[in-house]
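Worksheet: the structure to be examined is printed underneath.
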Amino acid sequence: MLSRRYECLFIMLALLIPAKALQAITPTPTPTPVPTRTVSFAWLASPSAGVIGYKIFWGTGSGNYQNVRDVKNVVTTSLTLSKSSQYYVAVSAYTMSTSSRMSNEVIVPVLSVTW
């Protein structure tokens, strides 16, 4: 008779424990942030009539620009770039109907961290 009471007590205690507490908790990995840097760019305004804005292009391969930003009629901008990658940056002017050729490329090298 005594052992039957313990079985009931055990079953009741097991029912009082939340199901989540019985499951193994797997920690969620925290992504390691990519170290970045802010790089500023400036260029001379185009002397061509009709230029209404500029686009800055950047990417990780020469002539292979994965990103573009229309900076309108401003001749400066800043980009937040990874410290561990080399970037290639160029600018193009545009009018209402056409775009100019790309400027010469500027290479932003990998930023070495010195400890």
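The values are calculated or read from the model by the stated rules, or taken from the named source; none is laboratory data. Here the structure is a predicted model, which means the values were calculated and not measured. FYI the Cβ positions are ideal-geometry reconstructions off the backbone, even for glycines, and counts take in every protein chain you see. Heavy atoms of the whole protein, side chains included, go into the accessibility calculation; ligands, DNA and RNA do not. Shrake-Rupley method; radii C 1.70, N 1.55, O 1.52, S 1.80 Å.
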Quiz item: Any idea how many residues of segment 32-67 are over 22 Å from S97 (Cβ atoms), among the aliphatic types (A, V, I, L, M) and touching a strand residue (DSSP E or B) at 6+ places or on another chain (Cβ under 8 Å)?
Solution: 3
Practice problem: Scan segment 64-84 and report the pairs whose first residue is of a type in the set (D, E) and whose second residue is open to solvent by 50 Å² or more (accessible area, probe 1.4 Å), with Cβ atoms within less than 6 Å and a gap of 6+ or a chain change. | Solution: D70/K55
Quiz prompt | Subset of segment 94-115 [under 11 Å from I56 (Cβ atoms) and small (G, A, S)] | solution = S103
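Based on what the data block shows, is Q66 modelled with pLDDT of 95 or more, among the polar types (S, T, N, Q), within 28 Å of T32 (Cβ to Cβ) and touching a Gly at 6+ places or on another chain (Cβ under 6 Å)?
Details: modelled with pLDDT of 95 or more: yes; among the polar types (S, T, N, Q): yes; within 28 Å of T32 (Cβ to Cβ): yes; touching a Gly at 6+ places or on another chain (Cβ under 6 Å): yes.
Answer is yes for this residue.
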Exercise. Spot the failing condition for P29; the list is (1) assigned to a loop (DSSP other than H, G, I, E, B); (2) under 14 Å from the mean Cα position of the chain (by Cα), and only one is missed.
Key: (2)
Self-check item: Tally, over segment 34-53, of residues that are under 13 Å from Y94 (Cβ atoms) and open to solvent by less than 30 Å² (accessible area, probe 1.4 Å)
Solution: 1
